[in-house]
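The values are calculated or read from the model by the stated rules, or taken from the named source; none is laboratory data. Just so we're clear, the structure is a prediction, and the values are computed from it rather than from any experiment. Glycine also receives a Cβ, built like all others from the backbone with ideal geometry; neighbour counts cover every protein chain displayed. SASA here: full protein model, heavy atoms, side chains in, ligands and nucleic acids out. Shrake-Rupley method; radii C 1.70, N 1.55, O 1.52, S 1.80 Å.
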Amino acid sequence: MARPSGSSSARPGSAGAAAAVPRVYLDYAGLSPVDPRVVAVMRPFLEGGVGNPAALHSLGLEARASLDGARAKVARLVGATPAGVIFTASATEANNLAIRGVAERARGRHLVTSAVEHISVLNACRDLEKRGWNVTYVGVDADGCVDPQAVARALRDDTALVSVMAANGEIGTLEPVRAVGGLARERGVPFHVDAVGAAGRAPLAVDEAHIDLLTLSSNDIYGPPGAGALWTRASVKLAPVIVGGGQEGGYRSGTENLPAIVGMGVAADLVRIEGPAEAARLRALRDRLLAGLLDRLTEARLTGARDDGRLPHHASLVVPGVKADGILMELDLRGIAASSGSACNATTGEPSHVLRAIGCGRDSLEGSLCFTLGRWTTASEIDVVLDALPGVVTRLRELAPR
Amino acid sequence: MPVADLKLDCVGLFCPMPVLKTREAMRRLEPGQILEMMSDDPASEADVRSWTTRTGNDLMEIDRNGATFRFLIRKAR
């Protein structure tokens with residue numbers, strides 16, 4: 001089995017023909033390379049004709065055992081029961097299943113969420129609003145942090161669900177899910193956590209944080225794209241969003257994507273074991289990147305919380321008066337891949353809902369940069385960015401003086 | 001009442017699609033022409049206001065009929 005040895009090994013795929021130009025990849029939150037150890041385990045499931053888990057022949061039994069193994073591994077990552085894991089095709093689908101699925105079965109017609117959730121949570125809520133539900137979008141402070149007491153104040157007798165993310169993908173802020181969970185539990189309201197950004201990077205256990213539903217993404221933990229999971233506590237009443245042949249306990253029909261699910265299981269195991277050491281390594285690189293950028297770009301400001309209040313692999317900043325698009329394109333010409341932190345923002349050019357929620361001024365709304373580090377990030381990649389970015393910003397300022 | 005030169009139906013779609021499709025539709029208009037866009041995404045009112053303010057296009061009217069918004073936007077340039 002291929003065993004990349006942490007920081008010294010090349011990123012998977014980087015030795016290909018396209019790698020003639022040195023590439024710096026700092027968009028792990030956008031897409032992560034799949035760990036070669038995960039690919040190695042997936043390969044026989046793609047090539048070897050391992051069966052449909054629903055089949056009665058022996059290949060089906062083998063498939064079912066692999067599926068249950070993956071279920072156990074994914075559950076273990078967040079201290080949860082394997083039986084509660086429902087595999088989906090994405091974290092977006094898992095978020096939809098959590099919100100629509102609970103809403104469908106609930107008596108109450110009210111939801112509480114935050115203003116900085118992922119678009120899949122927000123749009124699932126908007127969809128319920130269209131159909132007569134009330135949704136309270138709790139605001140955040142300047143760091144993007146939800147106040148648990150504000151969530152508690154928003155709770156009503158007819159509140160069916162509270163949904164607050166564990167960490168924000170755009171500004172890196174860790175949310176106080178444990179406190180929110182405690183307050184929701186006191187009122188008997190189910191608590192959903194979108195843990196896509198935090199899983200494997202920050203400590204997270206469903207019982208300790210009073211979580212009743214939890215969303216996970218495969219690719220965000222170096223597993224293959226095309227798999228996600230929703231864990232639900234046995235007490236949660238849920239209705240399926242996709243109906244059919246009754247796979248995944250009837251909560252998510254459709255033949256399981258076994259290769260991807262097996263890959264997600266291996267990825268969950270690896271990140272559970274290696275995550276803490278990886279987080280420490282990336283935190284040091286991240287701190288060097290942030291300190292260096294804020295030192296070199298005097299007008300730039302960190303977005304989101306500082307230090308241990310944010311995801312260890314996440315650096316985000318606004319550069320007032322300079323468009324993020326322009327910076328990202330210039331960085332790309334220099335072989336550096338980063339992002340604005342929000343796909344929504346990237347497609348419409350509109351300021352993201354997260355930046356609006358943390359009260360960035362108009363001149364800062366277009367300048368958000370997001371660097372996310374990962375398993376194969378090296379110190380030299382950080383140096384390349386520190387060398388390149390000040391010149392890019394100066395050049396763009398000269399081209400478009402305010 | 002102003003007559004729209006182009007109509008765009010975004011009912012059923014969610015952010016960012018109404019704004020994205022509005023932007024594409026506006027490219028097909030001449031300055032001074034009017035786009036009518038329908039949307040039932042509760043977020044679209046804030047999104048369209050923000051987009052028109054930022055781009056300098058004229059948000060002439062917002063009507064609301066039940067859950068559906070009707071926006072009239074005049075192309076500025």
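General remarks:
- In segment A:99-131, burial by the other protein chains removes 40 Å² or more of 1.4 Å probe accessible surface, compared with the chain on its own, from A:ASN123, A:ARG126, A:LYS130.
- Estimated at 0.36 nm per residue, the fully extended path between A:ASP332 and A:ALA291 surpasses their Cα-Cα distance by 12.6 nm.
- Set against the 2.2 N^0.38 Å expectation for a compact globular protein, chain B has a Cα radius of gyration ratio of 0.96.
- Neighbouring partner chain Cβ atoms per residue of B:61-67, average, 10 Å criterion: 1
- For segment A:282-322, the residues whose backbone nitrogen is under 11 Å from a point 7 Å from the Cα of A:LEU386, taken along Cα to Cβ, are A:285-296.
- Value of relative contact order over segment B:6-74, rounded to a whole percent, pairs C-alpha under 8 Å and six or more apart: 35 percent
- Solvent-accessible heavy-atom area per residue, rounded to whole Å², over chain B at 1.4 Å: 51 Å²
- Chain A: radius of gyration and largest Cα-Cα distance (Dmax), Å: 21.3, 70
- Just checking the listed ones, A:GLY226, A:GLY374, A:GLY249: in the Gaussian network model of chain A with Cα springs under 10 Å, the one fluctuating most is A:GLY249.
- Accessible area (Å², per residue) of chain A, counting only protein heavy atoms and a probe of 1.4 Å: 40 Å²
- Compared with the alpha-carbon gap, the fully stretched path from B:LEU59 to B:ASP9 is longer by 16.3 nm at 0.36 nm per residue.
- Along chain A, the longest continuous region that contains none of the GluC sites (Glu not before Pro) in a DSSP loop with at most 16 other C-beta atoms within 10 Å is A:1-207.
- Carbon plus sulfur fraction of accessible area for chain B, probe 1.4 Å, in percent: 48 percent
- Part-to-part distance (alpha-carbon centres) for segment A:193-271 and segment A:49-101, which is given in Å: 8 Å
- For the chain pair B and A, the interface hides roughly 1400 square angstrom of accessible area in total, found with a 1.4 Å probe.
- Largest mean-square fluctuation among A:VAL74, A:VAL189, A:VAL266, in a Gaussian network model of chain A whose springs join Cα atoms under 10 Å apart, belongs to A:VAL189.
- For the protein assembly as shown, the number of Lys pairs separated by eight or more positions or lying on different chains, with C-alpha atoms closer than 23 Å, is 7.
- Across segment A:210-368, Cα-Cα distances exceeding 27 Å account for 44% of all pairs.
- Inter-chain shielding of A:309-318 (mean C-beta neighbours from other protein chains, 10 Å cut-off): 0
- The trypsin sites (Lys or Arg not before Pro) found in segment A:100-152 that occupy coil by DSSP, while having at most 11 further C-beta atoms within 10 Å, are A:ARG107, A:ARG131.
- Segment A:106-237: C-alpha gyration tensor shape, a/c 1.5 cut-off, then a/b vs b/c: rounded
- Approximating the spin labels as points 7 Å out from Cα along Cα→Cβ, the A:ASP157-to-A:GLU398 distance works out to 6.8 nm.
- Shielding by partners - mean other protein chain Cβ count within 10 Å, residues of B:14-20: 6
- Loop-resident sites, segment A:163-197, for trypsin sites (Lys or Arg not before Pro), counting at most 16 other Cβ within 10 Å (DSSP): A:ARG187
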